[in-house]
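In what follows, a structure is listed as structure tokens, so that the remarks can point back to it.
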Amino acid sequence: MKKLLTLLFFLICSFVQAQKIDRIALSYGFGNGSFGSFLKDGSGNSYAQKSLNIFGLNYFHGLTKHLVFETGLQLIHYDYITTYIKGNPPTNNTLNIISIPLKFRLEAGEILFFNGGFSADISKGRQNGIGGLGAGIGIGLQFKIIDD
């Protein structure tokens, strides 16, 4: 197994061409998403998204000409409506989560990219006690104000 991993490491290293510099960027994202859990609360409640906004300070490390590792610190602001099955009126809720993404980004041209990976999440506030590990995939556009 060690020999196979060593061979794989050397093969990957022979194709890697590092980018000129690493980058730090501010980011904003919005979209459609949902938060869930592997645990079931058994209540029959339903949740409908109103908005999802992500504000971030990101660090990008070039692995190849088009493949980038990205990490950083993000604040996720999620507004949603909870509808209760037992006749209670629907409630508006807000969830704020601090997230540390560990993702890979494939840059397809100057502005288009695809990304995916994992994140470690911690909720902010007393009311929302969720956190843990997450996963995500995405597609986006980037506009560089200062080009390398």
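Here are a few things to note about the model shown:
- Single unsatisfied condition, TYR78 versus (1) within 19 Å of SER119 (Cα to Cα); (2) modelled with pLDDT under 65: (2)
- Contacts under 7 angstrom Cβ, first residue in region 120-142 being under 19 Å from THR94 (Cβ atoms) and of a type outside the set (Phe, Trp, Tyr), partner open to solvent by 90 Å² or more (accessible area, probe 1.4 Å) and modelled with pLDDT of 80 or more, 6 or more apart: GLY131/ILE122; GLY134/PHE118
- A single entry from ILE81, ILE76, ILE111, ILE85 fulfils the requirement of being under 22 Å from GLY131 (Cα atoms), aliphatic (A, V, I, L, M) and open to solvent by 50 Å² or more (accessible area, probe 1.4 Å): ILE81.
- The set of residues in region 88-104 that are open to solvent by 50 Å² or more (accessible area, probe 1.4 Å) and of a type in the set (A, V, I, L, M, F, W, C) comprises ILE98, ILE100, LEU102, PHE104.
- Region 45-61 residues that are closer than 20 Å to ILE24 by Cα, paired with ones that are open to solvent by 50 Å² or more (accessible area, probe 1.4 Å) and assigned to a loop (DSSP other than H, G, I, E, B) (beta carbon under 8 Å, 6 or more apart): TYR59/ASP22; PHE60/ASP22; HIS61/ASP22
The values are calculated or read from the model by the stated rules, or taken from the named source; none is laboratory data. Keep in mind the model is a prediction, meaning the values are calculated, not measured. Cβ atoms come from the backbone with ideal geometry, glycine included; neighbour counts cover every protein chain shown. The area values use the complete protein model at the heavy-atom level, side chains included, leaving out ligands, DNA and RNA. Shrake-Rupley method; radii C 1.70, N 1.55, O 1.52, S 1.80 Å.
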